[in-house]
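Encoded as structure tokens, the structure appears first; notes follow it.
No value in this document is a laboratory result; all are computed from the given coordinates. The shown structure was predicted, so the numbers you read here are calculated from the model rather than taken from an experiment. Cβ coordinates were reconstructed from backbone atoms using ideal geometry, including for glycine residues, and neighbour counts include every protein chain displayed.
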Amino acid sequence: MANELNFRYYKPKEEFKFDITDMENFVYDMSRCIKCKGCTWVEHTYMPGAKFMTRCPSATKYEFDAYGAYGKMRIGHAMAEGKLEWNEKALEVMYACTLCGACDVGCKRNLDLEIGLSLESLRVKAVQDGVGPMRAHKKVAEKINKTHNCFGSPHEKRTDWLPEGITPVEKADVLYFVGCTASYINKEIARSTVKIFKSAGTDFMLMPDEWCCGNTVFSVGLYDEAKSLAQRNVDEMRKTGAKTLITSCAEGYRMWKVDYPKLLNISTAELGFEVLHLVEYADAMVKSGALELKKPVNTRMTYHDACSLTRLSEPWTPYEGKRGWMGCVEPRLQRRRGQHGVYAQPRDILNAIPGVNLVEMPRMKENAFCCGAGRGTQAAFPDFAAWAAQHRLEEVKEIGAETLVSTCPWCKNNFAGAVKAGGDDVQVLDISEVICVSIEG
Ligand code: SF4
Ligand code: SF4
């Protein structure tokens, strides 16, 4: 019996695929976690000091092994072996996690384990087992169902953000997918984005009837709801004939580029249109000369890498194959290790703005510390989300930055809340606003 258990995941040529609806696909990954905690610490070769040395918001906040990816892997493995059932604490541990992907890239420095997909599959399992998601997540799902946005705001007011003097065209190669947050809460980001289009001479269209991207429902394991939104949104996008979809929200960007293909079992390339974040588009416009960054923005500024624009944004390719001896897979598998996220473009834009003194935080690029807001965290664990933003803000203050810039409304709001709570003298801006200040000069 002991041998059967020990060797269960060593069976040669075991078939598996990247399908998060069946946790069995990732039990091997869970079982091979060696508890080295590379998913929690930023390795010393990247880390100039001892002060900001953790990468996992969950393990850092809760200071208990269960909350790190290594703990969650053990919980999942124990469940797969029938040694543990869901209880209130296990559910809390699984959801008090920003699904930020820092553990996944940390683990893949040394091992080829799919920690991020394991975490997603465990949330899907929680829903399949009738215990997940958290009550707050269910409320968000109800709002999306009723109003097509995650705030429960009136659907007919979705385009109220449009500024005077800028009108989308009926048909264009570029479609701006605004997202719920910029449509209803951070209208300044949507307005800045279309001003950038106007300044660069780019005609843009909107979705004839834009709905939520489904980030929260996907992230909390409501797979069927997320899949139906993915199918609906991709169908609507294809019907428009637009060639490029641009978002100003990092979470929406990840949904369109990575998680819609994952949900629909296609590759990113098979979507049939290009998905860009505003910074990729604006960087190209600046470099081609179509967008001029003229007016100085005199500030010591730092840039926060949003998880969903960076380590979580590498293109998706479905995988189906066999796992053999020592976990070797065939056919060969191209791992997503987070190094090819969108890192250079926002930095190039900010460095091209006269007066900007861009300084980096110790934890940057794929090692950046999550703001704490995304993927359902703020809805169910507002205190944890606020703590993560305050923790990151300490890093901002440590390097003496006056301005903190990101590329996601979720980051902006969470950081703005932390600044307000702490009475700090740090200006929090979205990169679209910074670009607008410079082009409008
Ligand atoms: S880095 Fe990977 S192997 Fe190491 S403890 Fe974390 S999940 Fe386990
Ligand atoms: S996804 Fe982020 S918060 Fe969750 S375990 Fe991994 S590093 Fe920690």
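Among the strands (runs of 3 or more DSSP E) lying completely within region 326-441, list those that include at least 3 residues that are under 22 Å from R191 (Cα atoms).
So the answer is 403-406, 427-430.
Please indicate, with yes or no, whether at least one residue in region 353-360 is free of Cβ contacts under 8 Å to residues at least 40 places away in the same chain and among the β-branched types (V, I, T).
Checked against the condition, which is being free of Cβ contacts under 8 Å to residues at least 40 places away in the same chain and among the β-branched types (V, I, T), region 353-360 yields no hits at all.
Identify the residue in region 42-62 that is surrounded by fewer than 17 Cβ atoms within 10 Å (Cβ to Cβ) and charged (D, E, K, R) and, among all such residues, is farthest from ligand 1 (Cβ to nearest atom).
If we take residues in region 42-62 being surrounded by fewer than 17 Cβ atoms within 10 Å (Cβ to Cβ) and charged (D, E, K, R), then K51 is farthest from ligand 1 (Cβ to nearest atom).
For region 127-135, does any single residue satisfy the condition of being in contact with a Pro (Cβ under 9 Å, 6 or more places away or on another chain), within 16 Å of ligand 2 (Cβ to nearest atom) and small (G, A, S)?
Checked region 127-135: no residue is in contact with a Pro (Cβ under 9 Å, 6 or more places away or on another chain), within 16 Å of ligand 2 (Cβ to nearest atom) and small (G, A, S).
Where residues in region 89-119 are assigned to a helix (DSSP H, G or I) and more than 14 Å from ligand 1 (Cβ to nearest atom), which of them is nearest to the chain's Cα centre (by Cα)?
Y95
Any residue at all in region 69-88 that's within 30 Å of K397 (Cβ to Cβ), away from ligand 2 (no atom under 11 Å from the Cβ) and in a loop (DSSP other than H, G, I, E, B)? Break it down stepwise before answering.
To start, the set of residues in region 69-88 that are within 30 Å of K397 (Cβ to Cβ) comprises 69.
Subset that is away from ligand 2 (no atom under 11 Å from the Cβ): none.
No, that holds for no residue.
If I go through region 300-316 residue by residue, how many of them are farther than 15 Å from H340 by Cβ and over 8 Å from the mean Cα position of the chain (by Cα)?
Of the residues in that region, 5 qualify.
Which one is surrounded by the fewest Cβ atoms within 10 Å (Cβ to Cβ) among residues in region 27-41 that are away from ligand 2 (no atom under 14 Å from the Cβ) and in a helix (DSSP H, G or I)?
Ranking the qualifying residues of region 27-41, first place goes to S31.
What about K108, is it within 16 Å of ligand 2 (Cβ to nearest atom) and either exposed (fewer than 14 other Cβ atoms within 10 Å of the Cβ) or more than 22 Å from D224 (Cα to Cα) (or both)?
Details: within 16 Å of ligand 2 (Cβ to nearest atom): yes; either exposed (fewer than 14 other Cβ atoms within 10 Å of the Cβ) or more than 22 Å from D224 (Cα to Cα) (or both): yes.
Against the criterion (within 16 Å of ligand 2 (Cβ to nearest atom) and either exposed (fewer than 14 other Cβ atoms within 10 Å of the Cβ) or more than 22 Å from D224 (Cα to Cα) (or both)), K108 qualifies.
Checking the structure you have, find out if any residue of region 162-177 is touching a strand residue (DSSP E or B) at 6+ places or on another chain (Cβ under 7 Å), over 19 Å from N215 (Cα atoms) and of a type in the set (D, E).
For region 162-177, residues touching a strand residue (DSSP E or B) at 6+ places or on another chain (Cβ under 7 Å), over 19 Å from N215 (Cα atoms) and of a type in the set (D, E): present.
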